[in-house]
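Chemist: Pasting in a structure now, in structure tokens, and then I'll have a few things to ask.
Please treat every number below as a calculation from the coordinates, not as lab data. Quantities reported herein were computed from a predicted structural model and do not represent experimental measurements. Neighbour counts are summed over all protein chains in view; Cβ atoms, including those assigned to glycine, are modelled from backbone coordinates with ideal geometry.
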Amino acid sequence: MKKIAVFASGNGSNFQVIAEEFSVEFVFSDHRDAYVLERADKLGVLSYAFELKEFENKADYEVALVELLEEHQIDLVCLAGYMKIVGPILLAAYEGRIINIHPAYLPEFPGAHGIEDAWNARVGQSGVTIHWVDSGVDTGKVIKQVRVPRLADDTIDSFEARIHEAEYKLYPEVIRELLDK
């Protein structure tokens, strides 16, 4: 059976959706106080956390991540609100085995504020993208996307909530397809 690790930096709502549907080997957070670690504990999922500032440089940080992934023989890394750019060491070791979820219809609105950027641009629709991770920021090959319309009576909060609902459906669907390959 293929082993999944989830990387998250904050709340961990996408991690929770994944962990409720699949066997997750572990969750990793780059913030020791991230709520995702509490979610993992409640779900009985092994968790690890260490921060970039605890290392001499990003290379050492990524070496530690690769060692963790290799120790657990991870087949697929699912980024779920992991707010670090994947660097060359992690990418070299796991390219073609790291996917990311982005709360916009790429290539529209890449970066850390996809929902807010789409809202502020007053677009009629945005969406959700699952893509392979490459050396760019949200530039990897798209695996699957879904559009989310902006409704006339939307607030940024209701728009964001519908984008998250789309994420919670799309991410497990893509993971299932990748695990069945």
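Chemist: Residue-wise, which Karplus ³J(HN,Hα) couplings in Hz belong to the stretch 108-119, taking 6.51 cos²θ - 1.76 cosθ + 1.60, θ = phi - 60°, and x for glycine or proline?
Modeler: For the stretch 108-119, the Karplus-derived couplings read 5, 6, x, x, 6, 10, x, 5, 4, 5, 5, 4 Hz, x marking Gly and Pro.
Chemist: Moving to a separate point now. What residues of the stretch 4-45 lie in the reach of a label at Asp75, counting those whose backbone N is under 11 Å from a point 7 Å from the Cα along Cα→Cβ?
Modeler: The answer is 4, whose backbone nitrogens lie closer than 11 Å to the label point.
Chemist: Further, regarding this structure: Quick one: helix 156-179 against the long Cα principal axis of the chain, what's the angle to the nearest 10°, folded into 0 to 90?
Modeler: Relative to the chain, helix 156-179 is tipped by roughly 50 degrees.
Chemist: How large, in Å, is the chain by the Kirkwood hydrodynamic radius built from its alpha-carbon pairs? Provide the component values of the computation, followed by the final result.
Modeler: Values: mean 1/r = 0.0601 Å⁻¹.
The Cα-based Kirkwood calculation yields 16.6 Å.
Chemist: For the stretch 14-98, which trypsin sites (Lys or Arg not before Pro) are both in a DSSP coil and crowded by at most 12 other Cβ atoms within 10 Å? Write out the running numbers ahead of the final one.
Modeler: Working: sites: Arg32, Arg39, Lys42, Lys53, Lys58, Lys84, Arg97; in loops: Arg32, Lys84, Arg97.
Passing both the DSSP loop test and the Cβ count: Arg32.
Chemist: Run through the DSSP bridge list for the chain and note the antiparallel percent, rounded to the nearest 5.
Modeler: 40
Chemist: So what are the ³J(HN,Hα) numbers for the stretch 4-11, from phi and the Karplus equation (6.51, -1.76, 1.60; θ = phi - 60°), rounded to whole Hz, Gly and Pro as x?
Modeler: Each residue's phi maps through the Karplus curve to give 10, 10, 10, 10, 9, 9, x, 4 Hz.
Chemist: I would also like to ask the following. Each label point is 7 Å from the Cα along the Cα-to-Cβ direction; what then is the distance between the points at Ala112 and Leu68, in nm?
Modeler: 2.0
Chemist: Let me ask something else about it. Got a sec to turn the phi values of the stretch 138-150 into Karplus ³J(HN,Hα) couplings, 6.51 cos²θ - 1.76 cosθ + 1.60 with θ = phi - 60°, whole Hz, x for Gly and Pro?
Modeler: Karplus values, whole Hz, x for Gly and Pro: 6, 10, x, 4, 5, 8, 7, 9, 9, 8, 10, x, 9.
Chemist: Tell me, what is the percent relative contact order of the chain, built from C-alpha pairs under 8 Å that lie six or more residues apart?
Modeler: Values: 319 pairs, mean separation 33.9, N = 181.
It comes to 19 percent, rounded to a whole number.
Chemist: If you don't mind, there's one more thing I want to ask. Met83 versus Leu151, label points 7 Å from Cα toward the beta carbon: distance in nm?
Modeler: 2.9
Chemist: Just to confirm the filter: which GluC sites (Glu not before Pro) across the stretch 1-95 are DSSP coil and have at most 16 other Cβ within 10 angstrom of their Cβ?
Modeler: Working: sites: Glu20, Glu21, Glu25, Glu38, Glu51, Glu54, Glu56, Glu62, Glu67, Glu70, Glu71, Glu95; in loops: Glu51, Glu56, Glu95.
Answer in residue order: Glu51, Glu56, Glu95.
Chemist: Another one. Return P(r) of the stretch 101-169 (all Cα-Cα pairs; 10 Å bins starting at 0; whole %; ordered from short to long distances).
Modeler: 23, 56, 19, 2
Chemist: Another question, if that's okay. In terms of modelled amide H atoms, which long-range or inter-chain residues lie less than 5 Å from the amide H of Phe26?
Modeler: Under 5 Å from the amide H of Phe26: Val6.
Chemist: I would also like to ask the following. From the P(r) of the stretch 1-95, could you give the percentage of C-alpha pairs in the tail past 24 Å? It would help to have the intermediate numbers written out before the result.
Modeler: Details: 589 of 4465 pairs.
The calculated P(r) of the stretch 1-95 puts 13 percent of pairs beyond 24 Å.
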